[in-house]
Amino acid sequence: MGQAFALFRGTSEELSMNFESMPPVDDTQRLLEALYAADDWCVGYVYRLDGNGRPTRPYALKCRPSTGLLTHVQHELGAGEYKLIIRRGRTMAFSGEFAVAAPRIRRW
């Protein structure tokens, strides 16, 4: 799992939907804690970040957050930088950015 993502910036505090006002914090542990803590009421939105670090709309993936999300993004959406927002109803439970590398190629 350590090779799936190389960079993470985020916060688990409730924030407004203004993406540019969210302060970056280097802490992969918060991302993993948010994925483990997500329940059936949570919905995750994954946005690809453009060259300026801003999320592109519409979202690239809408899903139920789980611990396999990073690997799923890596294999389905490919390498790149992404923003993850986890909402529980109308409340933002988590927001953060992460980067994934290209999937490793198995050579037999």
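Remarks
- Taking residues in region 60-72 that are touching a residue at least 60 places away in the same chain (Cβ under 8 Å), and partners anywhere that are surrounded by 13 or more Cβ atoms within 10 Å (Cβ to Cβ) and part of a strand (DSSP E or B), the pairs with Cβ atoms closer than 8 Å and at least 6 places apart or on different chains are Leu70/Phe5; Leu70/Phe98; Leu70/Val100.
- Screening the candidates Thr71, Thr67 for the property of being within 19 Å of Ala37 (Cα to Cα) and in contact with a Leu (Cβ under 6 Å, 6 or more places away or on another chain) yields one hit, Thr67.
- Region 74-97, subset surrounded by fewer than 22 Cβ atoms within 10 Å (Cβ to Cβ) and of a type in the set (D, E, K, R), residue farthest from Asp39 (Cα to Cα): Glu81
Values quoted throughout were computed directly from the atomic coordinates according to the rules given, and no laboratory measurement underlies them. Bear in mind the structure is a predicted one, so any value in this text is a computation, not a measurement. Using ideal geometry, Cβ is built from the backbone for each residue, glycine included, and neighbour counts are taken over all protein chains shown.
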